[in-house]
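As structure tokens, the structure follows; a few thoughts come after it.
The values are calculated or read from the model by the stated rules, or taken from the named source; none is laboratory data. Bear in mind that the values here come from a model prediction, so they are computed numbers and not experimental data. Areas reflect the complete protein model, heavy atoms only, side chains present, ligands, DNA and RNA absent. Shrake-Rupley method; radii C 1.70, N 1.55, O 1.52, S 1.80 Å.
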Amino acid sequence: MTKHRPRIVDLSETQPNTKRGGDLRAMLTPMAVGAKSGFMGLAIVQPGDRIGEHYHPYSEEFVYVVCGALEVDLDGETHPIKPDQALLIPPYMRHRFRNVGDEEARLVFHLGPLAPRPALGHVDTEETDATEGAGQARTPQRTEALS
């Protein structure tokens, strides 16, 4: 018997997270819906913006591109990725997404399994500063933060 009833989560119910570049929306999370094996969300990336380089030590990341022209750097190697394409990123692989087109890009992501604690689930390998616009890189710095 499950403790949580199925729940539909609308994007408008989620809080924007722009501290790593882009607008990351965690939607189906342990806190929101009682997920136990991972969490799912949507990344919205404007033209010229990016999601800063990071990796996940405990989780695989599944990514599906809904719309937009993107490049993804995987351990320093750049690959184009476009709508209706998906990507599996293994644990510890450094990755960064850049919108190289002239329209908004949207990516659905799922990470699993969960890290033992949320603070251990995501390691930034470069700093971004949303106040400088377009998620421009600053000095690379390794930090641990919430996924």
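So what's the projected area for the stretch 1-129, the Cα convex hull averaged over all directions, in nm²?
8.1 nm²
Here the stretch 29-106 has 55 percent of its accessible surface on carbon and sulfur atoms, given a 1.4 Å probe and all protein chains in place. Once the 1.4 Å probe is applied to the protein heavy atoms, the stretch 1-108 comes out at 57 Å² accessible per residue. Computed from the Kirkwood radius of its Cα pairs, the Stokes-Einstein diffusion coefficient for the stretch 61-124 at 25 °C and 0.890 mPa s stands at 195 µm²/s.
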